[in-house]
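Following: one structure in structure tokens, then a few remarks.
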Amino acid sequence: MKIAFVGKGGSGKTTLSSLFIRHLAATGAPVVAVDADINQHLGPALGLDEAEAAAWPAMGECLPLIKDCLRGSNPRISSADTMIKTTPPGEGSRLLRVREDNPVHDACARPVELDGGAVRLMVTGAFTDADLGVACYHSKTGAVELYLNHLADGPDEYVVVDMTAGSDSFASGMFTRFDITFLVAEPTRKGVSVYRQYKEHARDFGVVLKVVGNKVQGQDDLDFLRAEAGEDLLATVGHSDWVRALEKGRPPRFELLEDANRRALHQLRTAVDATYALRDWERYTRQMVHFHLKNAQSWGNERTGADLAAQVDPSFVLGEGAAATV
């Protein structure tokens, strides 16, 4: 199951995504956590110190390896250099599984030990001074989009992605790559404006969107979010002494998280698992192709010098049972 956490900067989406990752790990579920935000804070939120987080291998720097791995023996892709962030898999492509060791996980993922279990963490890499004037951050998140495009995941296994803030999520087709998207919103006009914007952009793509209210301090805050988000409001999270201790670098055992916040995380897990019945791999593949053709026409063909529309395998549908090169 693929889960995105989105929201405006400062809404607490990284904190909530890290709490959800801890919640999943505590149940023994296999989890891949991905930091796809321009501000790379997921590692520290999972307990890494600054030196550990800075030394994590960056998916953006491993992009040639990732492309070469995913290309596999797909005859429609002439070389890894012609792959762009939206390139879809086809016959012969290397598909990925959450639970397996594979070249992408070997290069980019490292285990993070948490209370009751461990998760694999991958990071896109921070935007650096070297990127100024010559690159955009979406070139780094393209590695995540390729990963998701080639992921044949099943139930009871989870990929949790901490996304870029605000509407930056719509700079590619990656917003359609998830079973469910949790939009973290504070009970403020700015907080709900991001929700409205996200819902409007995602409306025509079948995105399952749920709002998680954060920093909710009382009934007035709850009433405000209910009035603005309606049935999309799934759960709310209030003040947490546990989170405050985490932010000071002294997290208690996860089992000591407040009962109300633990119940909210359980609501998120229940909502995630319920979306499995809604899966439509054919639609998922169609959307993948849609954004690939759009990117090919607007910039990809010119940049690669190839007809990227020819990369589309019209008979291929991604799915848990899809055949792949190993």
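The values are calculated or read from the model by the stated rules, or taken from the named source; none is laboratory data. Everything numeric here is computed off the predicted structure, so don't read it as measured data. No Cβ is skipped: glycine too gets one built from the backbone with ideal geometry, and neighbour counts run over all protein chains shown. Accessible surface areas use protein heavy atoms only, side chains included; no ligands, DNA or RNA. Shrake-Rupley method; radii C 1.70, N 1.55, O 1.52, S 1.80 Å.
General remarks:
- The distance between label points at Glu255 and Glu91 comes to 5.4 nm (points 7 Å beyond Cα on the Cα→Cβ vector).
- Annotation: average projected area of segment 1-89 is 7.5 square nanometres, based on the convex hull of Cα atoms across all directions.
- Packing order of peptides 234-241, 36-43, highest average first: 36-43, 234-241 (average count of other Cβ atoms within 10 Å over each peptide's residues).
- Solvent-accessible area per residue for segment 239-289 (1.4 angstrom probe, square angstrom): 62
- Tensor-based shape of segment 61-100 (alpha-carbon gyration tensor, a/c under 1.5 rounded, otherwise prolate or oblate): oblate
- Separation between Cα centres of segment 281-302 and segment 48-74, rounded to whole Å: 23
- For the residue pairs Lys190/Lys210; Lys85/Lys140; Lys13/Lys294; Lys140/Lys294, alpha carbon separations beyond 21 Å are given by Lys13/Lys294.
- Whole-Hz couplings from phi, Karplus 6.51/-1.76/1.60, listed for segment 201-214; x for Gly and Pro: 5, 8, 3, 8, 10, x, 6, 7, 10, 10, 9, 10, x, 10
- 3J(HN,Hα) from dihedral phi, segment 117-124, Karplus parametrisation 6.51/-1.76/1.60, rounded to Hz, x for glycine, proline: x, 9, 10, 8, 10, 10, 10, 6
- Seen through its C-alpha gyration tensor, with square-root eigenvalues sorted a ≥ b ≥ c, segment 176-253 comes out oblate because a/c lies at 1.5 or above while a/b is not bigger than b/c.
- Working from Cα pairs under 8 Å separated by at least six residues, relative contact order for the chain is 28 percent.
- Stokes-Einstein, applied to the Kirkwood radius of the chain over Cα pairs at a viscosity of 1.567 mPa s and 4 °C, places its translational diffusion at 64 µm² s⁻¹.
- Amide H to amide H, with H built 1.01 Å from N, Gly72 comes under 5 Å of Arg94, counting only residues 5 or more places away or on other chains.
- Across segment 179-326, Cα-Cα pairs more than 20 Å apart make up 64 percent of the total.
- Bridging of Lys199 to aspartates and glutamates at a Cα separation below 19 Å is possible for Asp162, Asp168, Asp179, Glu186, Glu228, Glu231, Asp232, once same-chain residues fewer than 8 apart are set aside.
- Eligible aspartates and glutamates near Lys67 by straight Cα distance, threshold 16 Å, same-chain separation 8 or greater: Asp81, Glu91, Asp106, Glu145
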